[in-house]
């Protein structure tokens, strides 16, 4: 994990969207009414503009093909991410997983690698506790708030690990993990990828980058990587070649990975021998069968 803390100052983002057309690998066609001004500053480019503009933009995005949000494609995405995050395709077995992998983010746990040091674990436990106040993790909220932004285990340790595993036996905690995965990572990544005119593969590349680097606004977070890529190549929504843009995005993400502190976190195989392979093969719809390598292991989906 190279994920950065989920805090940050606003970033300038220019977003163009285009809609329409049937056929394979459907992507939107240009629609000036959905463009966000390059001078608009907002932490979330999906919320830029007036409420009316936001509603119109949301309606246009909702009218697009499902892409990665299609249940079958979302399942593929979950398995791809699990191969990198947990060395398994069985992502549903990971709700109770918890460990410190030594990446400076404290505990990493659950289906998406929620981290005690990067705010998303805190958001998850706060959300679950609002819904279910008597859950086993509720007593650890003060400690989670204290360690947020660090790799500390102060006030957590083995009892917290046991409480996480116990909570994961509850279907409601598993549902809460699904909800927060989608709220923090999946939905923003997929919707923004659609705004950038990207195919299902492009949507997955955004999602995996959001998971790996976090939705941070600095140069090492997702939005910083996107900004760097947009300086090198036009998005499909801006009339650019999608493959060229995605290669620029992967290059920018790989640069961030290369700045990490440990050999483990500097491994870029989830780009080099997975996403880049799909892109080189032109598998823009992320169709199966898929074969890829990540962190030295080979994985397959489909025959």
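Any read-out appearing in this document is the output of simple, stated calculations on the displayed coordinates, not a laboratory observation. Predicted model, so just to flag it, every value in this text is computed and none were measured. Every residue, glycine among them, receives a Cβ derived from its backbone with ideal geometry; neighbour counts consider all protein chains shown.
Values for this structure:
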| read-out | value |
| --- | --- |
| Percentage relative contact order, the stretch 117-256, counting C-alpha pairs under 8 Å, at least six apart | 15 percent |
| Relative contact order (%) - criterion: Cα under 8 Å, at least six apart; region: the stretch 93-177 | 32 percent |
| Efficiency of FRET from Cβ geometry, residue 72 and residue 141, R₀ 45 Å, rounded to 0.05 | 0.75 |
| Gain in span if fully extended, residue 134 to residue 277, counting 0.36 nm per residue against the direct Cα distance | 46.8 nm |
| Efficiency of FRET between residue 187 and residue 154 - r from beta-carbon atoms, R0 41 angstrom, step 0.05 | 0.80 |
| Difference of contour (0.36 nm per residue) and Cα-Cα distance, residue 56 to residue 293 | 81.3 nm |
| Kirkwood-type radius of the stretch 123-221, with distances r between different C-alpha atoms, in Å | 15.2 Å |
| Length added when fully stretched, residue 93-residue 300, from 0.36 nm per residue minus Cα-Cα | 72.7 nm |
| Calculated SAXS-style log₁₀ I(q)/I(0) at q = 0.11, 0.20, 0.23, 0.24 Å⁻¹ - the stretch 93-177, Debye, Cα scatterers | -0.23, -0.81, -1.11, -1.22 |
